[in-house]
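**Q** Pasting a structure here, questions to come.
The values are calculated or read from the model by the stated rules, or taken from the named source; none is laboratory data. This is a predicted model, so every value here is computed, not measured. Counting neighbours? That spans all protein chains shown, and the Cβs are built from the backbone with ideal geometry, glycine included. Quick note on the areas: whole protein, heavy atoms, side chains included, nothing else; ligands and nucleic acids left out. Shrake-Rupley method; radii C 1.70, N 1.55, O 1.52, S 1.80 Å.
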Amino acid sequence: MIIDGRKIADEIQEGVAREVEKLRERYDIIPGLATILVGEDPASKIYLSMKKRACEGIGIRYEEHIFPERVKQEEVIKRIQELNDDERVHGILVQLPLPPHLDEDLILEMVSPKKDVDGFHPINLGNLFIGNENLSPCTPSGIMLMLEKIGVDLKGKHAVVVGRSKIVGRPIAAMFLNRDATVTICHSKTKELGEHTKQADVLVVAVGRAKFITKEMIKDGTVIIDVGINRVEGKLCGDVDFEDVKGKASAITPVPGGVGPMTVAMLMRNTLIAAKRARG
Ligand code: NDP
């Protein structure tokens, strides 16, 4: 089975759009998302334009705050504090990566946990790790919803995660644990990676290396979630060698059209949740 992330994401966004409409009609609330971009990173600009388009389609108010590459940290923090105090803004997203002179952890910590629609604030990550998934990171929560939609029961399954970043690998490992899976987390220092990935009932790969996982590294019938986005000779591909493994896996996400659209859909959902909570 090829998991159609676009279709699932569209369904979620349609649901969010209906809820947004209800909020507007009943309470005169328009959910608002503010994004912060520092510098000119072309990939960041593309991601933000996708988020903007999704907001427009759903009825979420979108505002973009753009700073030059050499901006002072205090200036970015000041803007975040203004957005924290702005009642029209329910969600704040700092587009990563930030230039190296900015302290990413400190800046993410400045976002009010109530408006942290990316789920990267230590309070929200801490909540996730104790089993309370309120505003949780978009890519991992999108993957969980995908697995639910295709009927994967995670209880007692062995989930193997390759990659331990704070935006994908670590939070998704916590989500698997919250759903009673047995979890292995692999990273660049892991020895005999293939011995671990071969154990996976569900394998999530978030490494950032094109076609890194091949059929020798998986067992028959595994469910593969490929998070990677790599550009090879002008074409997008994932961290998994799709053509090589597709006959062996029971289900797999394509790149593009798998995890990517889910990430945007979950951002929309988190913004809706934050707006509803702000209204109590
Ligand atoms: P990071 O670069 O932050 O993390 C990569 C991880 O891969 C690290 O934990 C690293 O280990 C591990 N790694 C690197 N080399 C190896 C190796 N040889 N064997 C095992 N593990 C290895 O990446 P992100 O998590 O931010 O992103 C990963 C990929 O997912 C990228 O391609 C990114 O573009 C994509 N992505 C896609 C999204 C989507 O919506 N589809 C959203 C977010 C990311 P160590 O910690 O030891 O360095």
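**Q** In degrees between 0 and 90, to the nearest 10, how far off the longest principal axis of the chain does helix 138-149 point, with axes built from Cα atoms?
**A** The angle comes out near 60 degrees.
**Q** May I pose another question? Could you grab the relative contact order for the range 84-202? Cα pairs under 8 Å, six or more apart, rounded to a whole percent.
**A** RCO, the range 84-202: 20 percent.
**Q** Quick one: which of 15-26, 89-100, 245-256, 209-220 comes out on top by average Cβ neighbours within 10 Å, and what's the full order, highest first?
**A** Ranked by mean Cβ neighbours within 10 Å, highest first: 89-100, 245-256, 209-220, 15-26.
**Q** Testing the spin-label approximation: label points 7 Å from Cα along Cα→Cβ at D86 and T182. State their distance in nm.
**A** Using points 7 Å along Cα→Cβ, the separation is 5.0 nm.
**Q** How long are the three semi-axes of the equivalent ellipsoid of the chain, in whole Å, if each is the root of 5 times an eigenvalue of the C-alpha gyration tensor, listed from largest down?
**A** Rounded to whole Å, the semi-axes are 32, 21, 18.
**Q** Can you put Y47, Y62, Y27 in order of accessible area, largest first, using a 1.4 Å probe? The partial results should precede the final answer.
**A** On the way: Y47 85, Y62 40, Y27 110 Å².
So the residues, ranked largest to smallest area, are Y27, Y47, Y62.
**Q** If you line up the long axis of helix 259-278 against the longest principal axis of the chain, both from Cα atoms, how many degrees apart are they, to the nearest 10?
**A** It works out to around 40 degrees.
**Q** If r is the Cβ-Cβ distance from R209 to E104 and R0 is 22 Å, what FRET efficiency results, to the nearest 0.05? Write out the running numbers ahead of the final one.
**A** Values: r = 22 Å, r/R0 = 1.01.
E(calc), rounded to 0.05, equals 0.50.
**Q** Something else now. Report the relative contact order of the chain, percent, no decimals, based on alpha-carbon pairs under 8 angstrom and at least 6 residues apart.
**A** Relative contact order of the chain: 22 percent.
**Q** Which shape class, rounded, prolate or oblate, goes with the range 138-190 when its Cα gyration tensor gives a ≥ b ≥ c as root eigenvalues, a/c under 1.5 marks rounded, and past that a/b bigger than b/c marks prolate?
**A** Here the range 138-190 falls in the oblate category.
**Q** Calculate the spin-label point distance for Y27 paired with K78, positioning each point 7 Å from the Cα along the beta-carbon direction, and give it in nanometres.
**A** Modelled inter-label distance: 3.3 nm.
**Q** Return the tail of the calculated pair distribution for the range 222-280, meaning the percent of Cα-Cα pairs more than 15 Å apart.
**A** Looking at the range 222-280, the distances longer than 15 Å represent 59 percent of pairs.
**Q** In debye to the nearest 20, how big a dipole does the chain give about its Cα centre with +1 on each Lys and Arg Cβ and -1 on each Asp and Glu Cβ?
**A** Using Cβ point charges on Lys, Arg, Asp and Glu, the chain gives about 360 debye.
**Q** Can you compute the charge dipole magnitude of the range 1-129 about its Cα centre, using +1 on each Lys and Arg Cβ and -1 on each Asp and Glu Cβ, nothing else charged? Give it in debye, rounded to the nearest 20. Kindly include the intermediate steps, with their values, before the conclusion.
**A** Numbers: 18 positive and 26 negative charges, 65 e Å.
Dipole size: approximately 320 debye.
**Q** Relative to the Cα centre, what is the charge dipole magnitude of the range 76-209, using +1 at the beta carbon of each Lys and Arg, -1 at the beta carbon of each Asp and Glu, and rounding to the nearest 20 debye?
**A** Charge dipole of the range 76-209: 440 debye, to the nearest 20.
**Q** Right, something else. Could you work out how far helix 5-27 tilts from the main Cα principal axis of the chain, as a 0 to 90 degree angle to the nearest 10?
**A** Roughly 20 degrees, rounded to the nearest 10.
**Q** Sticking with this one: Over the range 158-227, what is the relative contact order in percent, taking alpha-carbon pairs closer than 8 angstrom and at least six residues apart? Could the numbers behind the result be given before it?
**A** Numbers: 113 pairs, mean separation 25.5, N = 70.
Computed over the range 158-227, the figure is 36 percent.
**Q** Between E14 and K191, what FRET efficiency follows from the Cβ-Cβ distance if R0 is 51 Å, with the result rounded to 0.05?
**A** 0.65
**Q** Charges on Cβ only, +1 for Lys and Arg, -1 for Asp and Glu, centred on the Cα centroid of the chain; of H187, I46, I218, which one is farthest towards the dipole's positive end?
**A** So the residue we want is I218.
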